[in-house]
């Protein structure tokens, strides 16, 4: 065993020594060897006066400390201990040595010729406290899957506007995505998966708590106010919060003052500028027009007509001539549209030749953002306080009438000790945000970004005779404004009573009010009507007519009352048995009210108000009133024996008004245990290398209340138009009652988690690992099909489904302080999960529906072989080409009267060998040549960071990535010819022609708004690999020397520069940001893929000051 121990010591020591030596070389100090020559006689004299000091550094057990830093205080002169803990260093007479190592207290000793230094273990790591449900625990005693986020690393110096974006890649298992770029946009937060339950309306979105109370959005919270963040991942740690915590909990605590601390004023700012990462570009005018014509010719047409423009062969030639003549001139130099030069009328049709780059014309290169934070904190021996103010301003990327986002934050925490046994606290949080943008005449997915990339580059964006043509930018420039204002106010009052020793009783009441107010100021847009197919030079004074000559006001209120009461008793028996018991209850009521008013015909477009409109008034479907109530009784017992054997038991009896009467309450237990093997006597042999090692496991179950609306109620739809007309009026009708199974009850989410936490080399290196399995049982899923005689063929939901997610999470960190003064911190995370339906009633097992065995997110499609060439085809007497089915499999299933496969089209693989490409019955048993070709959900999410400090400088960089994620890109960006008579994009110009047979894309074809047909059936060739590695942040900072700051009456100061989304490595073959999701908009978002508000790169600088 001693030999094994020596080998461990030697291996670990060599590793640390190698790293340390490398760092020393970088630091350019004299730890390795004295200089062979000095620059002056004075240097020689100083060298002769130095004394040689040698010694050994050990821990309290007498074991050598390998790689300890030995530095002559006040200099950069230093060295590190070797594998035996020994060192030798030349120092000046009377020098003081500073001896340090991670996991031990720093020691300062006067240098002597022979020294023996014993370092005391630093209990900081052992005493590190993590916030958990209704309390806190020492990190070493945790038995559940709880991650503690380094707030300073995640937030400080980064130009992020909300904490969700800063958490991306920081914590394994926590997935952060954003559907589109833009300002004031919320992120999607998922924990350990994406779906959780097929009934879950929000997927695996965790419960977000700030100071133990739910908040509706993290964008309401000022990142600068945050003190700590904990992520409760498994049921054992989250079950204490009940059904809303079925998918985990993110616990955020805000900053408080410190006792006996003088008033401290802190100010920080950040000024940043952002530019788009990548966006599609519209093809050159003549290139896009040529592709249009080739697609049209396949359908037997020789010209293309769309809205107000036309294309024929002559037009293509004139576009090319125009480009050769005027392509080098700017739009300002070209001025207004000129008839004859830029467009013409031929045969009663209009042809446009001038080329425009709409993104370059209407987008800024850089757009600004600024953040300011001011806080005052301090405290006496009885009272502590922290008061903060925050301001954020973001400007949009458009040059004209751009969008803008403002947010104001106020947060105040006050705690007072009234008696030794009684303290009270109060917290006020206020957030006000306003997002203002041009009035949207179109809705859903058809916004300005969609239209700027929809039309070809010869679409006219310049005025003609002082009047603009109809376009997205004409609408933007003439539009009034619309705004959405969110006001969130939360007041918390609480008290803690300690009636006896070791017992604390807490009471908290919180009132919260969220008010969303939207004001939409409509108007009119005028210009040449480019959408007039007969004459685009027809002037239209109101493109949208009376529909948008209106003002709309919407108000939504959410009021909640939350009461919590819990008592905690903590006791140590015989200095070995540590017991902690917590019991409590909470109750919450929530009421939501919404109202919308819409009135037409504005009297004055400059003063759009409801009472200044004289037309019809409407109330739409956003008017509502509903409420919700929940309550629960809970308890937790923590026990450990000598810090070695750890046990935690939780139980919650939970009630929710979302469930039917008689079934509103259920009990959800959990248990977790841990064993710190490193504290066992039989593990002493590993102590020089192994600092701490704990294995742990947990099991728990939670109810899921996030199910479809009215799941437990039989409802009848109401519609004003029945089709029956009486006395000239449509009669309203009430629909058939929905069928609800009387046995329908709670879904249960059960999690098993097994993991370990280990630290090595005196806590310098840490490793944490979790394997888990989360099972949603009794999942709401279709029951048996009802006979038609029942009156409804809809299958009622029953508790028969099951979905299971399995995955693992790995986190590694390393901390080292080198003798030269260089500090190193490195972290890495890795996670993987796949969710699978393990029970589901679908006898047919259709591959495009839900079925037992389905992997959530799977994509079915064909395996692409290549593009057809002439040798695969034959030509008939009319000169038309067809594939030769004697040589290649038939693809006739996807042919139409106008479309026949031929040279340049996509050839799919015949996987079942039957001589034709088919989809069979589209079932698991018979899916023809289809197969699983990818998955839309991210897999192998990872991140890593490196932070360096040297003297007053600090540097950090953070990378984040996804190992695999697939997207079938639809719409215009992903499918050339999706709208064949509209814009073709630059990246689609590499298409098959007789002269370009190795092209990436097939020969131009009309796909007429079809996302899955002809040459673009879902397939491997054009499936987008959205995996990436992105440098999320690089920061360089400088802490101003304290003496300089004091001369300016400051306590401390730091300046920094930072960059966000700096660069990336990706595998997409279309110009979209790799973080783009297929959910670009709430409705019909797939058509907008790649044509949405861009993701941004950001550079910034800032100042942090303390008075």
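Computed quantities for the displayed model
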item: Enumeration of residues in region 473-493 that are buried (at least 19 other Cβ atoms within 10 Å of the Cβ) and assigned to a strand (DSSP E or B); result: 482, 486, 488, 490, 492
item: Of all residues in region 686-710 being at pLDDT 90 or above and not in a strand (DSSP E or B), the one that is surrounded by the fewest Cβ atoms within 10 Å (Cβ to Cβ); result: 686
item: Scope region 46-101; condition within 30 Å of residue 685 (Cβ to Cβ), surrounded by fewer than 16 Cβ atoms within 10 Å (Cβ to Cβ) and touching a strand residue (DSSP E or B) at 6+ places or on another chain (Cβ under 7 Å); matching residues; result: 54, 60, 84, 86, 88
item: Close pairs (8 angstrom Cβ cut-off, 6 or more residues apart or separate chains): without any contact (Cβ under 8 Å) to a residue 24 or more places away in the chain in region 775-786, surrounded by 17 or more Cβ atoms within 10 Å (Cβ to Cβ) anywhere; result: none
item: Hits in region 98-151 - residues which are at positive phi and either assigned to a strand (DSSP E or B) or at pLDDT 80 or above (or both); result: 134, 135
item: Listing of strands (runs of 3 or more DSSP E) fully contained in region 886-961 that carry 2 or more residues being over 30 Å from residue 813 (Cβ atoms); result: 906-908, 931-935
item: Residues of region 508-540 classified as in a loop (DSSP other than H, G, I, E, B) and farther than 17 Å from residue 308 by Cα, total; result: 4
item: Search result, residues across region 938-962 that are closer than 25 Å to residue 1088 by Cα and either free of Cβ contacts under 8 Å to residues at least 24 places away in the same chain or surrounded by fewer than 21 Cβ atoms within 10 Å (Cβ to Cβ) (or both); result: 939
item: Test: residue 984 is surrounded by 19 or more Cβ atoms within 10 Å (Cβ to Cβ), out of contact with any strand residue (DSSP E or B) (no Cβ under 7 Å at 6 or more places or on another chain) and at pLDDT 95 or above; result: yes
item: Options 652, 636, 676; residue that is surrounded by 14 or more Cβ atoms within 10 Å (Cβ to Cβ) and within 32 Å of the chain's Cα centre (by Cα); result: 652
item: Any hit, region 968-991, residues being more than 30 Å from residue 290 (Cα to Cα) and either free of Cβ contacts under 8 Å to residues at least 24 places away in the same chain or assigned to a strand (DSSP E or B) (or both); result: no
item: Test for residue 154: is it touching a strand residue (DSSP E or B) at 6+ places or on another chain (Cβ under 6 Å) and part of a helix (DSSP H, G or I); result: no
item: Selection status of residue 173, under 24 Å from the mean Cα position of the chain (by Cα), modelled with pLDDT under 90, buried (at least 22 other Cβ atoms within 10 Å of the Cβ) and at positive phi; result: no
item: Failed criterion for residue 247 (all others in (1) at pLDDT 90 or above; (2) surrounded by fewer than 24 Cβ atoms within 10 Å (Cβ to Cβ) hold); result: (2)
item: Any hit, region 323-338, residues being farther than 24 Å from residue 448 by Cα, buried (at least 18 other Cβ atoms within 10 Å of the Cβ) and modelled with pLDDT of 95 or more; result: yes
item: Residue in region 808-818 that is assigned to a loop (DSSP other than H, G, I, E, B), modelled with pLDDT under 95 and surrounded by 18 or more Cβ atoms within 10 Å (Cβ to Cβ) present; result: yes
item: Residue within region 1042-1062 that is in contact with a strand residue (DSSP E or B) (Cβ under 6 Å, 6 or more places away or on another chain), assigned to a strand (DSSP E or B) and more than 30 Å from residue 370 (Cβ to Cβ) present; result: no
item: Single unsatisfied condition, residue 176 versus (1) within 30 Å of residue 389 (Cα to Cα); (2) in contact (Cβ under 8 Å) with a residue 24 or more places away in the chain; result: (2)
item: Matching strands (runs of 3 or more DSSP E) fully within region 329-443 where at least 3 residues are under 27 Å from the mean Cα position of the chain (by Cα) and in contact (Cβ under 8 Å) with a residue 60 or more places away in the chain; result: 367-379, 383-395, 404-419, 422-438
item: Filter result for the condition that a residue is farther than 30 Å from residue 664 by Cβ, buried (at least 16 other Cβ atoms within 10 Å of the Cβ) and modelled with pLDDT under 95, over 630, 546, 613, 574; result: 613
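Per-residue answers, yes or no, for (1) at pLDDT 80 or above; (2) surrounded by 11 or more Cβ atoms within 10 Å (Cβ to Cβ):
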position: 712; (1), (2): no, yes
position: 720; (1), (2): no, no
position: 726; (1), (2): yes, no
position: 729; (1), (2): yes, no
position: 732; (1), (2): yes, yes
position: 739; (1), (2): yes, yes
position: 747; (1), (2): yes, yes
position: 750; (1), (2): yes, yes
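The values are calculated or read from the model by the stated rules, or taken from the named source; none is laboratory data. Computed from a predicted structure; not experimentally measured. Ideal geometry is used to build each Cβ from the backbone, glycine not excepted, and the neighbour counts take in all protein chains shown.
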